[in-house]
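> I am attaching a structure below and will ask some questions about it afterwards.
Laboratory data are not the source of any read-out in this text; all were calculated from the coordinates shown. For clarity, every value in this text was computed on a predicted model and none was experimentally measured. Note: ideal-geometry Cβ built from the backbone for every residue, glycine included; neighbour counts use all protein chains shown.
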Amino acid sequence: MQDDIKINTEAAESHPAKEIMPSLEELLKAAELQAAEHHDAWLRAKAETENMRRRAAEDVDKARKFAVENFAGELLAVKDSLEAALAAESPSMENMKDGVELTLKQLVAVFGKFNLHDIDPMGEKFDPHLHQAIQVVESEQPANTVVTVLQKGYRLHERTLRPALVMVAKGQD
């Protein structure tokens, strides 16, 4: 039996086994390379995220700054009309009135183009989202009905910019 062991030992020594597993140093180098690649990818992703955040902030700032650019451009024609009226040497009262009416039409057209509409709630039911009641008065109208509009309100699309100042009916007891 000892002879058998000797033979097996000799066979193992004459045919050294190929290393199947890499050495610990090679494993460590591979792991370090992989870690470096992941770190580099993370740094690049972080930088890209910061760049996107910065560009988005710049876009928001530009949008805020120039949001009224189109509206302002349309108002220039209204301003020109008012200046032309003031530059007239000796306009008659009738010409002045006609000029003011035309200028008002221009302004109303600009407002309409940009969905800026007035709130004129005469005779309507009081709505606290659209109206601001200044006073409650005796009236033949049903309770909470707008009986007097002191100042028109304005809405931009669906948002109330300024509520209408109104007087509301107290109603009959």
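> Report, by chain and number, residues whose modeled amide H sits under 5 Å from the one on Arg162, excluding near sequence neighbours (fewer than 5 apart, same chain).
Residues meeting the criterion, in which the H sits 1.01 Å from N, are Tyr154.
> Next question. Could you go through the range 149-155 in sequence order and give the Karplus-derived ³J(HN,Hα) for each residue, using 6.51 cos²θ - 1.76 cosθ + 1.60 with θ = phi - 60°, rounded to whole Hz, and x for Gly and Pro?
Rounded to whole hertz, the list is 10, 7, 8, 5, x, 9, 10.
> While we're here: Using only the alpha-carbon atoms, how far is helix 93-113 inclined from the longest principal axis of the chain? Give it as 0 to 90 degrees, nearest 10.
So the helix axis and the longest Cα principal axis differ by about 30 degrees.
> Straight-line reach from Lys113: which lysines have a Cα under 22 Å away, not including same-chain ones fewer than 8 places off?
Within the straight-line limit of under 22 Å, Lys113 reaches these lysines: Lys65, Lys79, Lys105, Lys152.
> Take peptides 82-95, 133-146 and line them up by average Cβ neighbours within 10 Å, highest first, as a rough protection proxy.
Numbers: 82-95: 9.9, 133-146: 14.1.
Result, highest mean first: 133-146, 82-95.
> In whole Hz, with x marking every Gly and Pro, tabulate ³J(HN,Hα) for the range 115-131 from phi via Karplus 6.51 cos²θ - 1.76 cosθ + 1.60, θ = phi - 60°.
With coefficients 6.51, -1.76 and 1.60, one gets 6, 9, 10, 7, 10, 10, x, 3, x, 8, 6, 4, 10, x, 7, 10, 10 Hz.
> Ok, one more. Could you work out how far helix 2-14 tilts from the main Cα principal axis of the chain, as a 0 to 90 degree angle to the nearest 10?
So the helix axis and the longest Cα principal axis differ by about 50 degrees.
> In deg cm²/dmol, rounded to 500, what helix-only [θ] at 222 nm does the chain give when every DSSP H run of at least 4 residues adds -39500 (n - 2.57) and the total is split over its residues?
-19500 deg cm²/dmol
> Cα axis of helix 69-87 to longest principal axis of the chain: angle in degrees, 0 to 90, nearest 10?
For helix 69-87, the angle is close to 30 degrees.
> When log10 I(q)/I(0) by the Debye sum over Cα atoms at q = 0.09 Å⁻¹ is calculated directly from the model, which label among (i) -0.31; (ii) -0.36; (iii) -0.69 fits?
Of the labelled values, this structure produces (iii).
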